[in-house]
Amino acid sequence: MAELKDFQNGTKSNWCPGCGHYAVLNAIQNALAKSGAEPHETAVVGGIGCSSRIYSYLYTYGFHSLHGRALPIAQGIKLANRNLKVLAAGGDGDGFAIGTAHTIHSMRRNVDMTYVVMDNHVYGLTKGQASPRSDLGFQTVTSPDGTIENPISAIGLALSSGATFIAQTTARDIQEATELIRLGMEHEGFAIINIFSPCVTYNPKNTYDWFAQHIKKLSEVEGYDPSNKAHAYKALEEYDGMMTGVIYQDKEQKDYQKKIPNYSATPLTELPLELDKDIFEEWKKEYM
């Protein structure tokens, strides 16, 4: 059985000192080790941005996709080899701006995979512009008078799009982040874990302390039932999306692969792909 060290490749990251992504990387590595997966049984897909480099710091299969395109790549990998543990990772810009349509359709489609979003409320890689998750009035180099657009609700979008596992935490709580990612990987269907991961260089507002002061742990809410979608919507409204823990989980809905007619239980990577000679000859007669 693989251990934590087996998922560490020794590559030194180029994140800023203090970046929340270090904690997310640690949580993913720990979650993989606790999941029982082996490095060669795991694939991690990144998009574009500081967060999307995370796959290159993991000893697993890795794929560097295009901006906002991590999810369709990850779904293709899972459909081709259903035996792989597949994770996609990216930032709030990658998932809720250029990749919004992919995020919505991935959640409603319910492919069996895990999506880790590192939400820092800013575009860090391109030097501090407002992101779709930036707070109203947030001042940046491109919005010196403050942003005038309302932020996208990450949890609201996930609930309304049909995600069957929705969780949220902060980079400050590595233990909870580890557990939520592990639970997401165990879930049969699409799991999204939104992690508040402070950008210490370009976001002076949404700091570690700021998140700690504004979040509500759902584990402390008496009677909260993550299988009850009405509870999730109520918490979303009451805490303005600033809650942590498992927010919603639907264990009844079948994942995408189980719904596909005649979808082979054997991964595509293990099926014989040679074209039958007799079939080929028939095709030749038809077109020649």
Practice item. Working only within the range 31-57, note down all residues that are in contact with a Gly (Cβ under 6 Å, 6 or more places away or on another chain) and in a loop (DSSP other than H, G, I, E, B). Key: Gly47, Gly49, Cys50
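Looking for whichever is surrounded by 12 or more Cβ atoms within 10 Å (Cβ to Cβ), of a type in the set (Gly, Ala, Ser) and either under 29 Å from Asn81 (Cα atoms) or at pLDDT 95 or above (or both) here; the options are Ala191, Ala230. Which one fits? Talk me through it step by step, then tell me what you get.
Values: Ala230 fails: surrounded by 12 or more Cβ atoms within 10 Å (Cβ to Cβ).
Among Ala191, Ala230, only Ala191 is surrounded by 12 or more Cβ atoms within 10 Å (Cβ to Cβ), of a type in the set (Gly, Ala, Ser) and either under 29 Å from Asn81 (Cα atoms) or at pLDDT 95 or above (or both).
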Check your understanding: What number of residues within the range 122-158 are buried (at least 18 other Cβ atoms within 10 Å of the Cβ) and in a helix (DSSP H, G or I)?
Key -> 4
Point to revise | Of all residues making up the range 190-221, the number that are part of a helix (DSSP H, G or I) and either in contact with a Lys or Arg (Cβ under 7 Å, 6 or more places away or on another chain) or in contact (Cβ under 8 Å) with a residue 24 or more places away in the chain (or both) | key: 6
Review point. What's the number of the condition Asp225 fails, among (1) touching a helix residue (DSSP H, G or I) at 6+ places or on another chain (Cβ under 6 Å); (2) surrounded by 14 or more Cβ atoms within 10 Å (Cβ to Cβ); (3) of a type in the set (D, E, K, R)?
Key: (2)
Check your understanding: Does any residue of the range 171-183 turn out to be in a loop (DSSP other than H, G, I, E, B), of a type outside the set (A, V, I, L, M, F, W, C) and more than 20 Å from Gly47 (Cα to Cα)?
Key -> yes
Practice item. Output the residue which, of all residues in the range 82-97 that are part of a helix (DSSP H, G or I) and of a type outside the set (Asp, Glu), is surrounded by the fewest Cβ atoms within 10 Å (Cβ to Cβ). Key: Ala97
Practice item. Taking the options Leu218, Leu275, name whichever one is surrounded by fewer than 13 Cβ atoms within 10 Å (Cβ to Cβ), over 30 Å from Gly128 (Cα atoms) and of a type in the set (A, V, I, L, M). Key: Leu275
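Scan the range 233-288 residue by residue and report those that are among the hydrophobic types (A, V, I, L, M, F, W, C) and either at pLDDT below 95 or in a helix (DSSP H, G or I) (or both).
Ala235, Leu236, Ile260, Ala265, Leu268, Leu271, Leu273, Leu275, Ile279, Phe280, Trp283, Met288
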Review point. Residue check: is Ser35 in contact (Cβ under 8 Å) with a residue 60 or more places away in the chain, of a type in the set (Gly, Ala, Ser), in contact with a helix residue (DSSP H, G or I) (Cβ under 8 Å, 6 or more places away or on another chain) and buried (at least 23 other Cβ atoms within 10 Å of the Cβ)?
Key: no
Review point. Residues of the range 208-260 being under 22 Å from Glu179 (Cβ atoms) and among the aliphatic types (A, V, I, L, M), which ones?
Key: Ala212, Ile215, Leu218, Val221, Ala232, Ala235, Leu236, Met242, Met243, Val246, Ile247
Point to revise | the range 50-67: number of residues that are aliphatic (A, V, I, L, M) and either modelled with pLDDT of 90 or more or at positive phi (or both) | key: 2
Exercise for review: Filter the range 4-26 down to the residues that are touching a Lys or Arg at 6+ places or on another chain (Cβ under 9 Å) and surrounded by 23 or more Cβ atoms within 10 Å (Cβ to Cβ), then identify the one that is farthest from Asp173 (Cα to Cα).
Suggested key: His21
Revision key, fill the gap. Across the range 253-282, the tally of residues that are in contact with a helix residue (DSSP H, G or I) (Cβ under 7 Å, 6 or more places away or on another chain) and of a type in the set (Asp, Glu) stands at 0
Check your understanding: Out of all the residues in the range 16-31, is one or more farther than 27 Å from Tyr123 by Cβ, touching a strand residue (DSSP E or B) at 6+ places or on another chain (Cβ under 9 Å) and without any contact (Cβ under 8 Å) to a residue 60 or more places away in the chain?
Key -> no
Practice item. For Pro226, indicate whether it is assigned to a loop (DSSP other than H, G, I, E, B) and more than 19 Å from Asn120 (Cβ to Cβ). Key: yes
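The values are calculated or read from the model by the stated rules, or taken from the named source; none is laboratory data. No experiment lies behind these values; they were computed from the predicted model shown. Because the Cβ atoms are built from the backbone with ideal geometry, glycine has one as well, and the counts that use them run over all protein chains shown.
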